[in-house]
Structures are given as structure tokens and as C-alpha cells.
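**Q** Here it is, the structure in full.
Nothing in this text is a laboratory measurement; each read-out follows from the coordinates by a stated rule. Computed from a predicted structure; not experimentally measured. Counting neighbours? That spans all protein chains shown, and the Cβs are built from the backbone with ideal geometry, glycine included.
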There are 2 protein chains.
Amino acid sequence: MSEDHPILQLIRRRSTREHFDPDRALDTQQIRELVRDASRAPSSFNLQHSRFLAVRRLAGKERLRQAAYGQDQVATAAVTFIILGDLRAVEMLPSIMQAAVERGALPQGKAAAWVRMAREIYADECRARDEAFRSASLSAMTMMFAAEARGMVTAALSGFDAEQVQSEFGVEDRYVPVLLLAVGYPCGSESPRMPRLDVSQVLAFDHGPLPE
Amino acid sequence: MSEDHPILQLIRRRSTREHFDPDRALDTQQIRELVRDASRAPSSFNLQHSRFLAVRRLAGKERLRQAAYGQDQVATAAVTFIILGDLRAVEMLPSIMQAAVERGALPQGKAAAWVRMAREIYADECRARDEAFRSASLSAMTMMFAAEARGMVTAALSGFDAEQVQSEFGVEDRYVPVLLLAVGYPCGSESPRMPRLDVSQVLAFDHGPLPE
């Protein structure tokens, strides 16, 4: 494979968008397909912490915009996903493991050991929260690429009042809002992409310290 | 764009690998390119929390395997990245914003406001940690796709002793290890992919509750 593989082009082209086409909606099936792809991201023990609340009605998007300190993309995008992480994902592990065993993806003995290990690890609230953020973020990035592959564009927003999001949208405490992802079709011109640090500023080999 | 776009095929094909070709290394330039692509992931205020420690020597990979509860992929992959999040990323924001202003990606006035806002938000240690996990995870997922586009395969591992990783590899406290990403070339057959929950189990529209 070469340096001009479509995914590499897409990684280099993608940016957080400011503008969305107000006349192009996403239908239910398109939203489901985006969620299906996002769910293919990896997660610890295949716990699949990620949950998705697709806000597509205007009134809901407007309330979400308020909770996101007025960031316009939340309301102008065709749909804005509240991407959540399940702090109690480990409770679903026995049924998740059973499905894996039935598919031949995991031996029975290993599945039982995983359930024990995962319960021990995620009894720690900090680790459960870290994992929810990690897992939901992996899904969010996958959804961004899945959207771009379909000609859509996105804006990932982490600036929002999590408590307000939970109360306004009836989200149970077990789900922590990790990211808002506005998705729609492109519209008009955008500012230049934000530059990135040079590789030499973020990479070290074999041992620290990391670059200053 | 259609449902058989190469990135969608790749999203559906990707899985956490158990086996890597022991005879194929990655050179320095390949590692730098993977990091460059991973760095293109979005981050709050463009803070770019992600840092990468590329462990490629056998002795180092063996020590890392120990810190990862003996998971073999850490040692058998061509390179295993310790992907870290900078808990004090906000300290770099003035210079990051300056670069964005010079490129025309952000007006000067907005840059100054962002610096003030970000300092206020990330004075909260919990938010700084959440953000480090979110940002480093977005980069990790991007690196997985960048590797797959080049014919490589990966294993993302969140099971490791973070303190041990930090002390063994000379990582300063300001960087929290978020994920180990083993990268190399495929070798032999793999178990079937782990199944995923159905979309109906993870998606709600417009308002909670989330599905049980």
C-alpha cells in the first residue's frame, strides 16, 4: 500500500468544520450506519463502553448548543451525537463474553478469566472513568472517518457542560458524556486547518524524557 | 461516496491482532510517518496532548510486556507505542495559538480568548485528565488506521501498570500513559473478530434513556 491510500488522504484532509449545509439531513438509516461503524472500534475486554444519543430535532440541538457554550455547529449540523461512555460496562461482560464464545472468537476458559479480571480492574472508579473516555473516544474517531468516507464532515467538541447535557437529555448517571460530534454535509469555505506540532516535538524513541 | 469506500472496508476489517511477523521491522521514517498522521487527530483548543514513545528494541519491549501483564503482542510487534496524554498541555497553548494565527487559521483576538478559557478549564485536574485520555485516544485510533492503510496491523492494549510504565521508561509525571499500541505486519491466521452489540443496544434518538 502506498502513501496515497484513500485513508491517508482522508486523515490529512479532515478538519473540525465550522459550517454545515442546512439543507441536507441524515436519515435514520444513515445515522444507524455511522453508529454501527463507530461500534467497531476496539475496547478493553471488548466491553464496548460507547453509547450514542443522536440529537436531530431542531429544539434538541438548540438546547444542546446552550449546554455547549453556544458553539454553533451543534445546532447547524444535520445531527449532533452525544457520545457517552458507560461507567458500568463491566456489568454486561458475561453476555458479551458469551457471544464471543459462541462465535468462536474466544475459548470458554479465557472468557471466564476475563470476566474475573475485568471486574477486579473496573471496581476502581478512576479506571472505569479513564476506560469510558478511552473507549468512547476511539469510537468517536472511527465515526469521524466513517462520516468522511460518505462525503460528510464533522466537528468534534469537548467543550460542554456535562451535567447540563445529562439533565437536559435524560441521560442516566452511569453514562458519562465524552464528546459531542456534529455531523453533516459541507457548506462553503472554511478557515485553514490548525497547524500541528512537528513530529520531533511529540516523539521519543525507546526511553524518556519526552521532547520539551 | 459509497458503502464500499476503502475506509469503510478498513473499519470493518480491522481487529486487535494476536500475531505479528517477527521478521519485518519498521524503520525510523515509517515510525515518524505514523506519528505525523496520528498527530492530525483533533484536540480541545488544538492543545495536542498526545505524545508517543516508540519502543522498538527487544529489551525495552520485553520490559514493557512485563508492565502489560505479559501480553505477548507488546514484545512480538515490530514497535509498540506508549501513547501518552499531556496533563499540562495548556502550558503550550500560547505558542500553539501563535502558530495558528500566523497561518491564518485563527484571528488574534479569538486566540487570546481561547488561551484564557483553556487555562480556566484545565486548572481542574479531573478535566485535564479526561482531556488527556480523550485526545490521546483520538490519536491512537487515527494511528491504527494510518498503520492499516500501509498494510500493517495493530493491537491496542489498555491493560498495563501505568506507574510501572512511567518508571521503567523515564516518563515524567506530566504525561499519563493512555494506551499501548503494538504495530507490525500480519503473520498467520487470527481468531475470528469479537462480535459487537447491535446498534439498537447502543443508540437512542433525541432523548434518553439509553437502551438497556
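**Q** Could you run through the stretch A:196-212 and say how many residues are surrounded by fewer than 17 Cβ atoms within 10 Å (Cβ to Cβ) and either within 7 Å of chain B (Cβ to nearest Cβ) or part of a loop (DSSP other than H, G, I, E, B) (or both)? Lay out the reasoning, then the answer.
**A** Initially, the stretch A:196-212 is screened for residues surrounded by fewer than 17 Cβ atoms within 10 Å (Cβ to Cβ), giving A:198, A:200-201, A:205-207, A:209, A:211-212.
When the remaining residues are screened for being either within 7 Å of chain B (Cβ to nearest Cβ) or part of a loop (DSSP other than H, G, I, E, B) (or both), the result is A:198, A:205-207, A:209, A:211-212.
Residues in the stretch A:196-212 being surrounded by fewer than 17 Cβ atoms within 10 Å (Cβ to Cβ) and either within 7 Å of chain B (Cβ to nearest Cβ) or part of a loop (DSSP other than H, G, I, E, B) (or both): 7 in total.
**Q** Do you know which of the residues in the stretch B:1-23 that are more than 9 Å from every other protein chain (Cβ to nearest Cβ) and closer than 15 Å to B:Val74 by Cα is nearest to the chain's Cα centre (by Cα)?
**A** Looking only at the stretch B:1-23, we keep the residues that are more than 9 Å from every other protein chain (Cβ to nearest Cβ), and these are B:4, B:9, B:13, B:17-23.
This time we only want the ones that are closer than 15 Å to B:Val74 by Cα, so: B:17-22.
Working: B:Arg17: 16, B:Glu18: 19, B:His19: 20, B:Phe20: 19, B:Asp21: 22, B:Pro22: 23 Å.
Taking the candidates together, the pick is B:Arg17.
**Q** Looking at the stretch A:22-36 only, could you name the residues that are surrounded by fewer than 21 Cβ atoms within 10 Å (Cβ to Cβ) and in contact with a helix residue (DSSP H, G or I) (Cβ under 7 Å, 6 or more places away or on another chain)?
**A** Those that are surrounded by fewer than 21 Cβ atoms within 10 Å (Cβ to Cβ) and in contact with a helix residue (DSSP H, G or I) (Cβ under 7 Å, 6 or more places away or on another chain): A:Pro22, A:Arg32, A:Arg36.
**Q** Could you grab me the full set of residues in the stretch B:76-91 that are of a type outside the set (D, E, K, R) and buried (at least 21 other Cβ atoms within 10 Å of the Cβ)?
**A** At the first step, the residues of the stretch B:76-91 found to be of a type outside the set (D, E, K, R) are B:76-85, B:87, B:89-90.
B:Ala77, B:Ala78, B:Val79, B:Thr80, B:Phe81, B:Ile82, B:Ile83, B:Leu84, B:Gly85, B:Ala89, B:Val90 - these are the residues of the stretch B:76-91 that are of a type outside the set (D, E, K, R) and buried (at least 21 other Cβ atoms within 10 Å of the Cβ).
**Q** Could you say whether any residue in the stretch A:168-176 is over 21 Å from B:Ser39 (Cβ atoms), touching a helix residue (DSSP H, G or I) at 6+ places or on another chain (Cβ under 6 Å) and not in a loop (DSSP other than H, G, I, E, B)? Show your work before the answer.
**A** Filtering the stretch A:168-176 for residues over 21 Å from B:Ser39 (Cβ atoms) gives A:168-176.
Next, from what is left, pick out any that are touching a helix residue (DSSP H, G or I) at 6+ places or on another chain (Cβ under 6 Å): A:168, A:176.
Imposing the further condition that a residue be not in a loop (DSSP other than H, G, I, E, B) reduces the set to A:168, A:176.
Yes, the stretch A:168-176 contains a residue that is over 21 Å from B:Ser39 (Cβ atoms), touching a helix residue (DSSP H, G or I) at 6+ places or on another chain (Cβ under 6 Å) and not in a loop (DSSP other than H, G, I, E, B).
**Q** So which helices (runs of 4 or more DSSP H) stay within the stretch B:18-137 end to end and still have 2 or more residues that are among the charged types (D, E, K, R)?
**A** B:28-38, B:58-67, B:108-121
**Q** Of the residues A:Ala59, A:Ala77, which is out of contact with any Cys (no Cβ under 7 Å at 6 or more places or on another chain), more than 7 Å from every other protein chain (Cβ to nearest Cβ) and without any contact (Cβ under 8 Å) to a residue 40 or more places away in the chain?
**A** Working: A:Ala77 fails: without any contact (Cβ under 8 Å) to a residue 40 or more places away in the chain.
Testing whether each residue is out of contact with any Cys (no Cβ under 7 Å at 6 or more places or on another chain), more than 7 Å from every other protein chain (Cβ to nearest Cβ) and without any contact (Cβ under 8 Å) to a residue 40 or more places away in the chain leaves just A:Ala59.
**Q** Tally time: how many residues in the stretch A:26-46 are more than 7 Å from chain B (Cβ to nearest Cβ) and either touching a strand residue (DSSP E or B) at 6+ places or on another chain (Cβ under 6 Å) or of a type in the set (S, T, N, Q) (or both)?
**A** Filtering the stretch A:26-46 down to residues more than 7 Å from chain B (Cβ to nearest Cβ) leaves A:26-31, A:33-34, A:38, A:43, A:45.
The next check asks that each one be either touching a strand residue (DSSP E or B) at 6+ places or on another chain (Cβ under 6 Å) or of a type in the set (S, T, N, Q) (or both); those that pass are A:26, A:28-31, A:43.
Total meeting the criteria: 6.
**Q** Across the stretch B:155-195, what is the total count of residues that are within 7 Å of chain A (Cβ to nearest Cβ) and in contact (Cβ under 8 Å) with a residue 60 or more places away in the chain?
**A** Narrowing the stretch B:155-195 to residues within 7 Å of chain A (Cβ to nearest Cβ): B:156, B:158-159, B:169-172, B:175, B:178-179, B:191-195.
Then drop every residue that is not in contact (Cβ under 8 Å) with a residue 60 or more places away in the chain, which leaves B:156, B:159, B:169, B:171, B:175, B:178-179, B:191, B:193-194.
Number satisfying all stated conditions: 10.
**Q** Still on this structure: Given the condition touching a strand residue (DSSP E or B) at 6+ places or on another chain (Cβ under 7 Å), facing another protein chain (nearest Cβ under 9 Å) and more than 19 Å from A:Ser39 (Cα to Cα), answer yes or no: does some residue in the stretch A:101-121 qualify?
**A** Taking the stretch A:101-121 as the starting set, the residues that turn out to be touching a strand residue (DSSP E or B) at 6+ places or on another chain (Cβ under 7 Å) are none.
No, the stretch A:101-121 has no match at all.
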